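Student: Pasting in a structure now, in structure tokens, and then I'll have a few things to ask.
The values are calculated or read from the model by the stated rules, or taken from the named source; none is laboratory data. These numbers come from a predicted model, not from an experiment. Backbone-built Cβ (ideal geometry, glycine too); neighbour counts: all protein chains shown.
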Amino acid sequence: MLPSAGTSVHMAKVVIVGSGIAGLFAALKLEAAGHEVNVITKQRPQDSSTNWAQGGIAGILDKTDGEAMQSHINDTLLSGDGICDEVIVRCVVEEAGDRIRDLLAVGVDFEKEGEDFHLVKEGGHSERRILHAKDATGAEIERALNMAVAQSRNITMSSHTLGVDLIQRVHGVPKKGVKGIWCLCLDSGEMKAIPADAILIATGGCGHLWERTTNPSVSTGDGLAMAVRAGASNKNMAFFQFHPTALMSRNKTPFLITEALRGEGGVLLDDDGLINYRKGDDTPDKHSFTLEFSDLGSLATRDIVARACDQRMKVTGADNVWLITDHLDKEKLRNHFPNIESKLNEYNLSLGVDPIPVAPAAHYMVGGLSVDINARVLQNNADPIPGLYGIGEVACTGMHGANRLASNSLLEAIVFADRASRHFISNPINEGESVPNWRADGTHRLIEHAPLVRDLETLRKTMTDDVGIVRSFSRLNRAKRMLDLLETEVDLIWRKSIPTRELIELRNLVEVAKQITDDAMSRTENRGLHYNKDLI
Ligand SMILES: Cc1cc2nc3c(=O)[nH]c(=O)nc-3n(C[C@H](O)[C@H](O)[C@H](O)COP(=O)(O)OP(=O)(O)OC[C@H]3O[C@@H](n4cnc5c(N)ncnc54)[C@H](O)[C@@H]3O)c2cc1C
């Protein structure tokens, strides 16, 4: 059991939507304080981005080491390109040690080197400060948290249950708060209304808006869209992070090659760079095109490296660039990155030997629901919506600014899951209100799913072509027109149909795409992950 985040006199009923690191961590904190928690999750409990996280979790365990903490703060601020909320960054870095110890308390087994933790470095970090479980850190965290949840008495896990819309206390009046959630039971196809004194949205990101993404299929922006429909504000949506090194394959969800591999010395080359490297006696870094974009070369922050890869592929017409590891210690690599090694073997590639073909893929939602320092979801970017919290990737706390520093997201998720829990425990709502059933009058079972499939393809193509790594006003305007049309089409189907997973996700993806495009169009400067060539 996790140490309690406080004690509570009332036993309230809390619904958490999502079973990644944020949702599970908060569930354990709330149950430790005596609350009844229902975690609803779209697929199996472990299906989440968390489960796929490779590199690790950044954080300083020793709270007395002010210098190390300041260095983590500085790197985060630098990566965020001038718009991180410094108060939030300091708070997350200072609380990191206690929250990572919470993970250790539930049995997360981070890699050790003797008595100490083995620490790694990734792009944008000036020091080794990332704890990891080889190259499958997220799976280890999910394993330990899910096991603790399964053993707890007051947490119910409702898997294959899809949150559809929030139930407001007074319909259309966000300031009155929320009192439940309508869900679709994917096994029975039935809608049900679940009452709640508080709702924690922990639904992760929305990588499936683009044709190539590192995200699992559950990442379709549902939580963001449903909160926005209930009056929540969002911010910084234009900042969507593309990971520079996803394995080039026909797969829509390409396998991620963790940045930690570049932290250990992996270097990015284009076709010419590879030829020149093979001809001479130099180390590969001398030939990297990334040096034209930053002195840090392949280890610059993700925004810079992803843009460098995108630009180089556009100039040369190649489908990918190459990640070189043949100059590194093979044994060490294979010991540290066993999952990457076995995945590469499936493609007849060998770590430490072959050039690895990589290209950028949609990875992380930096913007999100506008929340305060206690993870309360805000309306008008100012007033909290009573009973509604946003934690993990779905929320925009201000920590990441315009570009997330590698391995800071798992950390941010646990710090804010704890803060949300503590806030609710000290300010419990215990109304036990009844909730209305889903109104299904005049709706019919959806017979043809083909139009939804086509609309989804159009949506992903639009986002890939027009709202990708490099943007322009004309392309953004084109996307806007297409999204308006898609919204109209989806709305027509929505009004007439009993919801299905495909329909719900498409409706949410279109909503989130509009928020991203609108924010991108409104920006008058290039910063971090937002790059509009008309603004150069
Ligand atoms: C391949 C990959 C590698 C990564 N590596 C790292 C790393 O090394 N370090 C790092 O810090 N970050 C990493 N990240 C990012 C990090 O993993 C995520 O930001 C983080 O795990 C998000 O946690 P979360 O709890 O907010 O969401 P998730 O872990 O994505 O969980 C979301 C949950 O919500 C559920 N859900 C979604 N919609 C609904 C709905 N409508 N109803 C019910 N349930 C729903 C999902 O099923 C899932 O259980 C990586 C991400 C990916 C994809």
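Student: Given PHE255, PHE240, which one is under 22 Å from CYS396 (Cβ atoms) and either crowded, with 24+ Cβ neighbours inside 10 Å or touching a Ser or Thr at 6+ places or on another chain (Cβ under 9 Å) (or both)?
Tutor: PHE240
Okay, residues lined up against (1) of a type in the set (A, V, I, L, M, F, W, C); (2) away from the ligand (no atom under 16 Å from the Cβ); (3) assigned to a helix (DSSP H, G or I):
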site	(1), (2), (3)
ASN374	no, yes, no
LEU388	yes, no, no
HIS400	no, no, no
GLU412	no, no, yes
SER421	no, no, yes
ILE447	yes, yes, no
PRO451	no, yes, yes
ARG475	no, yes, yes
ARG481	no, yes, yes
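Student: Still on this structure: Can you find even one residue in the stretch 280-301 that is over 25 Å from ARG527 (Cα atoms) and of a type in the set (Gly, Ala, Ser)?
Tutor: yes
Student: So, one more: List the number of the failed condition for ARG99; all other conditions in (1) surrounded by 15 or more Cβ atoms within 10 Å (Cβ to Cβ); (2) out of contact with any helix residue (DSSP H, G or I) (no Cβ under 8 Å at 6 or more places or on another chain); (3) closer than 30 Å to ARG153 by Cα hold.
Tutor: Status for ARG99: all satisfied but (2).
Student: Restricting attention to the stretch 483-503, and to residues there that are of a type in the set (Val, Ile, Thr), modelled with pLDDT of 95 or more and out of contact with any helix residue (DSSP H, G or I) (no Cβ under 7 Å at 6 or more places or on another chain), which single residue is farthest from the ligand (Cβ to nearest atom)?
Tutor: THR488
Student: Just checking, which of LYS192, LYS134, LYS179 is on the phi < 0 side of the Ramachandran plot, assigned by TED's automatic domain parsing to the domain that holds LEU103, surrounded by fewer than 22 Cβ atoms within 10 Å (Cβ to Cβ) and among the charged types (D, E, K, R)?
Tutor: Among LYS192, LYS134, LYS179, only LYS192 is on the phi < 0 side of the Ramachandran plot, assigned by TED's automatic domain parsing to the domain that holds LEU103, surrounded by fewer than 22 Cβ atoms within 10 Å (Cβ to Cβ) and among the charged types (D, E, K, R).
Here is a yes/no grid of residues against (1) within 15 Å of the ligand (Cβ to nearest atom); (2) among the acidic types (Asp, Glu); (3) under 21 Å from ASN51 (Cα atoms); (4) surrounded by fewer than 22 Cβ atoms within 10 Å (Cβ to Cβ):
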| residue | (1), (2), (3), (4) |
| --- | --- |
| ALA225 | yes, no, no, no |
| ARG229 | yes, no, no, yes |
| THR245 | yes, no, yes, no |
| GLU264 | yes, yes, no, yes |
| PRO284 | no, no, no, no |
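Student: With respect to THR214, determine if the residue is near the ligand (Cβ under 10 Å from one of its atoms), within 30 Å of ILE257 (Cα to Cα), of a type outside the set (D, E, K, R) and out of contact with any strand residue (DSSP E or B) (no Cβ under 9 Å at 6 or more places or on another chain).
Tutor: no
Student: Another question, if that's okay. Tell me, which helices (runs of 4 or more DSSP H) lie completely within the stretch 1-118 with 3 or more residues that are more than 30 Å from PHE255 (Cα to Cα)?
Tutor: Correct list: 21-32, 66-79, 86-105.
Student: Restricting the first residue to the stretch 94-112 and requiring it to be under 23 Å from THR76 (Cβ atoms), which pairs with a second residue that is among the polar types (S, T, N, Q) and part of a helix (DSSP H, G or I) meet a Cβ separation below 7 Å and a spacing of at least six or different chains?
Tutor: From residues that are under 23 Å from THR76 (Cβ atoms), there are no pairs.
Student: What pairs come out if I take residues in the stretch 460-478 that are within 16 Å of GLY528 (Cα to Cα) and pair them with residues that are assigned to a loop (DSSP other than H, G, I, E, B) whose C-beta lies under 9 Å away, six or more apart or interchain?
Tutor: VAL467/TRP210; VAL467/ALA238; GLY468/TRP210; ILE469/LEU529; ILE469/TYR531; VAL470/TYR531; ARG471/ALA238; ARG471/TYR531
Student: Quick one: is ASP47 within 16 Å of the ligand (Cβ to nearest atom), among the acidic types (Asp, Glu) and over 21 Å from PHE416 (Cβ atoms)?
Tutor: yes
Student: Filter the stretch 453-473 for residues that are of a type in the set (Lys, Arg) and assigned to a helix (DSSP H, G or I); which is farthest from ILE536 (Cα to Cα)?
Tutor: Among those residues, the one meeting the criterion is ARG454.
Student: Another one. Starting from the stretch 409-436, take each residue that is touching a residue at least 40 places away in the same chain (Cβ under 8 Å) and list its partners that are of a type in the set (Ser, Thr, Tyr) and in a helix (DSSP H, G or I), counting only C-beta distances under 9 angstrom and pairs at least six apart or across chains.
Tutor: Sorted first by the residue in the stretch 409-436, then by its partner, the pairs are SER409/SER49; LEU410/THR50; LEU410/THR137; ALA413/THR50.
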